[in-house]
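Trainee: The structure that follows is given in the form of structure tokens.
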Amino acid sequence: MSSPAPLDQLIACPSCDALHRSARLGESERAACARCGTLLITPRARSFLHVIALAFTAMILMIAAIFFPFLKISAQGFSHASSVFEVAMAFSEGFLAPLAFAVLMLIVGLPILRFGALIYVLWPLANARPAWPHAAQAFRLAEELEPWSMAEIFIIGTAVALVKIGGLASVSLGPAFWAFCALIIVTALKNAFLSQWTIWDAIGRK
Amino acid sequence: MTVLTARDAGLVGCTRCGRVWPEGTAECGRCGARLHPVDGRGLQRVWAWWLAGLIFYIPANLTPMLRTATLTGHQENTILGGVVELVAHGSYFVAAIVFLASIVIPISKFLAIAYLALSVGNERRAGAHPHLHLYEVVEFIGRWSMIDVFVVAILSALVQLGTVASIHPGPAAASFALSVALTMLSAQSFDPRLIWRGPARTTGP
């Protein structure tokens, strides 16, 4: 790595700043940082199309998860059903109201925004066309929001809540619960197909 | 092993997309992210978020998280109180999950971030790899603390059975959510490239 190379062929490891020269990799190859082992390039065959398909699926599941009933409990003749929307709105009374908005964003808003941004960025790239305007901003937004989209944490929270209610009342799971579970799997698959560097490279080539 | 870093080469690397630019460039021309030189200035932001998160963690533990009203009585539970109750009911597994997510993880996160920020530049003794792994674990696991906030939301939305039982959220839900969000920001502000500055200096050319 002693001979000078054009800057657009270099990668600086985001974790340790070590310089690498980038390379086009084959389908099953991956490139990791020589010093700290952080994965730098993880291309997969036709991954753009896979990600688009999975993001579409996730979006449809999320819409189903919002509108179908989520959970229903009944005890001693009383019963009460809740949608995901009502779960977020549990905080809407009094000074906790901002938390209702935050929870709604964490479990529904940000995931949808991310799926939309990914589709917007990858659609032209998958069709071998130049990226649409503001694709870089859209993809950066999707990447920055990743730790804040918490659909999978919400589902584990549901499981804990069910155990807590268990002794108090009987609970039935609605279609939205299963839609949410499917959503988690689809999202995990989508992340596995996502190769950030490959996408940045494609956006940057114009 | 001698490693040439972007910094040693008079360049600055984008931490978002990996693209490399000449030193002094303010914004990445490919992804638009702000470029940060590898220096300790970002640590101030780490400490600011860390302290804010710690401040909100105190009321999160002292005020009630859940207010339960049943036929037999009225009850207020703090985070720890909820765990104790789960154990009393015999749900050890779930008690362990809640205990991990709302007590062990937040506290060890505060300790881990403080340790990483304090030991920047002194990694030569322990080596940089364990520090990087610690940072990755903190980044990965921090958001899972939000689980307790979701549990409270689900319980309060669902358990509305008139006089039989009703659950309402307490003020701790808000301060706990804020504390988790602030410590996530603190961890995100930490620049892992700092971990490697110590070793790089001793082995570099």
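The values are calculated or read from the model by the stated rules, or taken from the named source; none is laboratory data. Everything numeric in this text was worked out from a predicted model, so none of it was measured. Note: ideal-geometry Cβ built from the backbone for every residue, glycine included; neighbour counts use all protein chains shown.
Trainee: It is to be established whether one or more residues within segment A:168-186 are in a loop (DSSP other than H, G, I, E, B) and either crowded, with 20+ Cβ neighbours inside 10 Å or not assigned by TED's automatic domain parsing to the domain that holds A:ALA53 (or both).
Mentor: The answer is no, given that none of the residues of segment A:168-186 is in a loop (DSSP other than H, G, I, E, B) and either crowded, with 20+ Cβ neighbours inside 10 Å or not assigned by TED's automatic domain parsing to the domain that holds A:ALA53 (or both).
Trainee: Taking the options A:LYS190, A:LYS164, name whichever one is at negative phi, at the interface with another protein chain (Cβ under 7 Å from one of its Cβ atoms), part of a helix (DSSP H, G or I) and touching a His at 6+ places or on another chain (Cβ under 9 Å).
Mentor: So the residue among A:LYS190, A:LYS164 that is at negative phi, at the interface with another protein chain (Cβ under 7 Å from one of its Cβ atoms), part of a helix (DSSP H, G or I) and touching a His at 6+ places or on another chain (Cβ under 9 Å) is A:LYS164.
Yes or no, residue by residue, for (1) crowded, with 23+ Cβ neighbours inside 10 Å; (2) assigned to a helix (DSSP H, G or I); (3) not assigned by TED's automatic domain parsing to the domain that holds A:ALA53:
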position	(1), (2), (3)
A:ALA81	no, no, no
A:PHE85	no, yes, no
A:ALA90	yes, yes, no
A:MET105	no, yes, no
A:VAL108	no, yes, no
A:PHE115	yes, yes, no
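Trainee: Oh, and also: Just for helices (runs of 4 or more DSSP H) wholly inside segment B:1-103: which have at least 2 residues that are surrounded by fewer than 16 Cβ atoms within 10 Å (Cβ to Cβ) and away from every other protein chain (no Cβ under 11 Å)?
Mentor: Numbers: elements: B:42-62, B:79-89, B:92-99.
Because the criterion is at least 2 residues that are surrounded by fewer than 16 Cβ atoms within 10 Å (Cβ to Cβ) and away from every other protein chain (no Cβ under 11 Å), the helices (runs of 4 or more DSSP H) in segment B:1-103 that meet it are B:42-62, B:79-89.
Trainee: Please tell me if A:PHE67 is within 26 Å of A:ALA182 (Cβ to Cβ) and either of a type in the set (A, V, I, L, M) or surrounded by fewer than 16 Cβ atoms within 10 Å (Cβ to Cβ) (or both).
Mentor: Judged against the criteria, A:PHE67 is a match.
Trainee: Then there is this: Can we say B:TRP47 is of a type in the set (Phe, Trp, Tyr) and over 30 Å from B:VAL98 (Cβ atoms)? Give the steps one after another, and end with the answer.
Mentor: Numbers: of a type in the set (Phe, Trp, Tyr): yes; over 30 Å from B:VAL98 (Cβ atoms): no.
So B:TRP47 fails the test.
Trainee: For A:ALA142, which of the numbered conditions (1) under 26 Å from B:LEU100 (Cα atoms); (2) in contact (Cβ under 8 Å) with a residue 12 or more places away in the chain fails to hold?
Mentor: The number of the failed condition is (1).
Trainee: Does at least one position in segment A:122-134 carry a residue that is outside any loop (DSSP other than H, G, I, E, B), on the phi > 0 side of the Ramachandran plot and either at the interface with chain B (Cβ under 10 Å from one of its Cβ atoms) or not small (Gly, Ala, Ser) (or both)?
Mentor: Of the residues in segment A:122-134, the ones outside any loop (DSSP other than H, G, I, E, B) are A:122-126.
Now drop any that are not on the phi > 0 side of the Ramachandran plot, which leaves none.
No, every residue in segment A:122-134 fails to be outside any loop (DSSP other than H, G, I, E, B), on the phi > 0 side of the Ramachandran plot and either at the interface with chain B (Cβ under 10 Å from one of its Cβ atoms) or not small (Gly, Ala, Ser) (or both).
Okay, residues lined up against (1) at the interface with chain B (Cβ under 7 Å from one of its Cβ atoms); (2) at pLDDT below 85:
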{"residue": "A:ALA23", "(1), (2)": "no, yes"}
{"residue": "A:GLU27", "(1), (2)": "no, yes"}
{"residue": "A:PRO43", "(1), (2)": "no, yes"}
{"residue": "A:VAL51", "(1), (2)": "no, no"}
{"residue": "A:LEU54", "(1), (2)": "no, no"}
{"residue": "A:LEU71", "(1), (2)": "yes, no"}
{"residue": "A:GLY94", "(1), (2)": "no, yes"}
{"residue": "A:PRO98", "(1), (2)": "no, no"}
